[in-house]
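S.K.: Here it is, the structure, as structure tokens.
Every number here is computed from the coordinates shown, using simple stated rules; none is lab data. It should be emphasised that the depicted structure is a prediction, and the values quoted were computed from it without experimental measurement. Quick reminder, even Gly has a Cβ in these numbers, built from the backbone with ideal geometry, and neighbours come from all protein chains shown.
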Amino acid sequence: MHDIRWIRQNAEAFDAEMARRGLPAQSSAILTLDAFRRDAILKVEAAQKARNERAKAIGMAKGRGDTAEVERLMGGIVEDLAQSTVEVLAQREAELTDLLSSLPNILAPEIPEGADESANITLRQHGEPARPNFGAKQHFELGEALGLMDFETAGRLSGSRFVVLKGALARLERALGQWMLDTHSGPNGYTEVAPPLLVNAATLYGTGQLPKFEEDLFKTGDKYLIPTAEVPLTNLVAQQIIPEPVEPLRYTALTPSFRSEAGSAGRDTRGMLRQHQFHKVELVSITRPEDSEAEHERMTSCAEAILTALGLTWRRQLLCAGDTGFGAAKTYDLEVWLPGQAAWREISSCSNTHAFQARRMNARFKRGKDTVFVHTLNGSGVAVGRALIAVLETHQQEDGSIALPEVLHPYMGGLTRLG
């Protein structure tokens, strides 16, 4: 959500920011609705003043015993006027809110220009892409050869974009999630949370999934399955005025995530890369505005350390204007090298949303006599299914077995290899 007061004072700058997002000028429509809304506010205030004055006059007429004057003053004209102006005001406010909530966040100044991922900038890389001389297989070929990854049965149970993992591979998925959660809730200093997996529309509105991305969600009754634990974790401070967070509030959760993958027909139809249901370790931070940039770097480094400990080759990308998500002011994507695909694939996305989500959630902190919107950040720490894919493809051996990273050995009951 955007600050209407800032737009009034910086209309041209706001239009320039929307242009970076590939959108036409928006300030004229916004300020027109804002003028209508402010006019309605004046009319409501005038009607309320007239009603109060009439109530006072009625009281005085009753005191004089002037029945005729009381009856005249008791007519419904002022009430009708007040009600109609209140309704107009509510309509104008809804129109303005709908327009503002449909527009993406303002980008940080350092975000590079560009229409798509081809303009993203690689900031750092860990390791060199491996190209095994024995002909690397993709994760689904490895998993099916081991008899531990079953897409056919999942298709009968649920349809496409689901998988059944069995035996040691199911345990490996559990081990990855548990180890990552232990790492973030231990040395990385995040508070572990077990949030609801079903949330209401207001909660999804707060983090920006609604109304724009409703088609990406699974709905059941009046609730929605979470597309990411970012949603409930960030909303822990919704509609609150919290003490000033001198140290960032840091939350982490390991949850299933559910996405309809609307618009991805034909993309990554083989394997586990793009599933309707997957596990993810989420990281969320709530900070003061002046602390959010440093927290963004810290959060991304926490995710990078996970990839390094798993023996993966990765790189950090700064997303360009055209590739940065709706709610983000700045995003780093972490990509891993998958030898089976011979390609880089995203495994984590860490974003600073500044006060964009906080305005939607009305999440503030007290600073002196004032209240200030918090800054919110979110990132994957990391996607469990994609980490599983990367471990399988990176650590595959020529005989089809998988050497397990050392950090997972205790979580695998001492097992060091699959196959």
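S.K.: Sticking with the crude label model, points 7 Å out along Cα→Cβ, report the distance from R8 to E87 in nm, one decimal please.
M.R.: Calculated label separation equals 2.8 nm.
S.K.: Here is a further query. Whose amide H sits under 5 Å from the amide H of T255, counting only residues 5 or more places off or on another chain, with H placed in the peptide plane?
M.R.: Counting only residues 5 or more places away or on other chains, the set is K280, E282.
S.K.: Another question, if that's okay. Counting only C-alpha contacts under 8 Å and six or more residues apart, can you give the relative contact order of the stretch 4-101 as a whole percent?
M.R.: 32
S.K.: Taking the Cα atoms only, what angle lies between the long axis of helix 77-101 and the longest principal axis of the chain, rounded to 10 degrees?
M.R.: Once rounded, the angle reads 20 degrees.
S.K.: Of the options P410, Y205, G65, report the single residue whose Cα projects farthest towards the positive end of the charge dipole of the chain (beta-carbon charges: Lys, Arg +1; Asp, Glu -1).
M.R.: Of the listed residues, the answer is G65.
S.K.: A further question on this structure: Quick check: from the Cα gyration tensor, does the stretch 108-255 come out rounded (a/c under 1.5), prolate or oblate?
M.R.: prolate
S.K.: With n ≥ 4 as the cut-off for DSSP H runs, can you work out [θ] at 222 nm for the chain, using -39500 (n - 2.57) per run divided by the number of residues, rounded to the nearest 500?
M.R.: My calculation for the chain gives -12500 deg cm²/dmol from helical runs alone.
S.K.: Could you calculate the contour length gain from E95 to E192, that is, 0.36 nm times the residue separation minus the distance between their Cα atoms, to one decimal place in nm?
M.R.: Once the chain is fully extended between E95 and E192, it gains 31.0 nm.
S.K.: For T97, T67, T324, what's the fewest-to-most ordering of other Cβ within 10 Å of each Cβ?
M.R.: By the 10 Å Cβ count, ascending: T67, T97, T324.
S.K.: Additional query: Let me have the relative contact order for the stretch 221-277, percent, based on Cα pairs under 8 Å that are six or more residues apart.
M.R.: Contact order relative to length: 38 percent.
S.K.: Once you have the Cα-Cα distance between I41 and K56, take 0.36 nm times their residue separation minus that, and quote the gain in nm to one decimal.
M.R.: That pair, I41 and K56, stretches by 3.1 nm at full extension.
S.K.: If you don't mind, there's one more thing I want to ask. Would you mind checking the pairs K219/K330; K280/K330; K43/K223; K280/K369; K330/K366; K49/K223 and listing those with alpha carbons more than 32 angstrom apart?
M.R.: K43/K223; K280/K369; K49/K223
S.K.: I'd like the FRET efficiency for A115 and F218, computed as 1/(1 + (r/R0)^6) with the beta carbon distance as r and R0 of 22 Å, rounded to 0.05.
M.R.: 0.15
S.K.: Net charge near Q239: determine it from the other residues with C-beta under 14 Å of the C-beta of Q239, scoring Lys and Arg +1 and Asp and Glu -1.
M.R.: Net local charge, Q239 excluded: +3.
S.K.: Counting other beta carbons within 10 Å of each Cβ, put V199, V246, V372 in order, fewest first.
M.R.: Ranked by crowding around the Cβ, least crowded first: V246, V372, V199.
S.K.: Still on this model: Ranked by Cβ crowding within 10 angstrom, fewest neighbours first, how are I226, I347 ordered?
M.R.: Ascending number of Cβ neighbours within 10 Å: I347, I226.
S.K.: Does the chain classify as rounded, prolate or oblate by the C-alpha gyration tensor (a ≥ b ≥ c root eigenvalues; a/c under 1.5 gives rounded; else a/b over b/c gives prolate, otherwise oblate)?
M.R.: Taking the square roots of the gyration eigenvalues as a ≥ b ≥ c, the chain is prolate.
S.K.: Output wanted: per-residue J couplings in Hz (rounded whole) for the stretch 180-193, from phi through Karplus 6.51 cos²θ - 1.76 cosθ + 1.60, θ = phi - 60°, x for Gly and Pro.
M.R.: Values, residue by residue: 5, 5, 4, 5, 6, 7, x, x, 7, x, 8, 7, 6, 10 Hz.
S.K.: In the stretch 328-419, which GluC sites (Glu not before Pro) fall in coil by DSSP and have 15 or fewer other Cβ atoms within 10 Å?
M.R.: Listed in order of number, the matching sites are E398.
S.K.: By its C-alpha gyration tensor, with a ≥ b ≥ c as the square roots of the eigenvalues, how is the stretch 1-160 shaped: rounded for a/c under 1.5, else prolate for a/b larger than b/c, else oblate?
M.R.: prolate
S.K.: Can you give the relative contact order of the stretch 331-419 as a percent, counting alpha carbon pairs under 8 Å and 6+ residues apart?
M.R.: Result for the stretch 331-419 is 22 percent.
S.K.: Follow-up. Which of the listed residues, Q317, L392, A294, is farthest toward the dipole's positive end in the stretch 117-418, when Lys, Arg count +1 and Asp, Glu count -1 at the beta-carbon?
M.R.: Of the candidates, A294 comes out farthest on the positive side.
S.K.: If you average the C-alpha positions of the stretch 371-419 and of the stretch 145-211 separately, how far apart do those two centres end up, in angstrom?
M.R.: The two parts, judged by their Cα centres, are 12 Å apart.
S.K.: May I pose another question? With a cap of 12 neighbouring Cβ atoms within 10 Å, and only residues DSSP puts in a loop, list the trypsin sites (Lys or Arg not before Pro) found in the stretch 227-280.
M.R.: Sparse-neighbourhood loop trypsin sites (Lys or Arg not before Pro): R267, R270.
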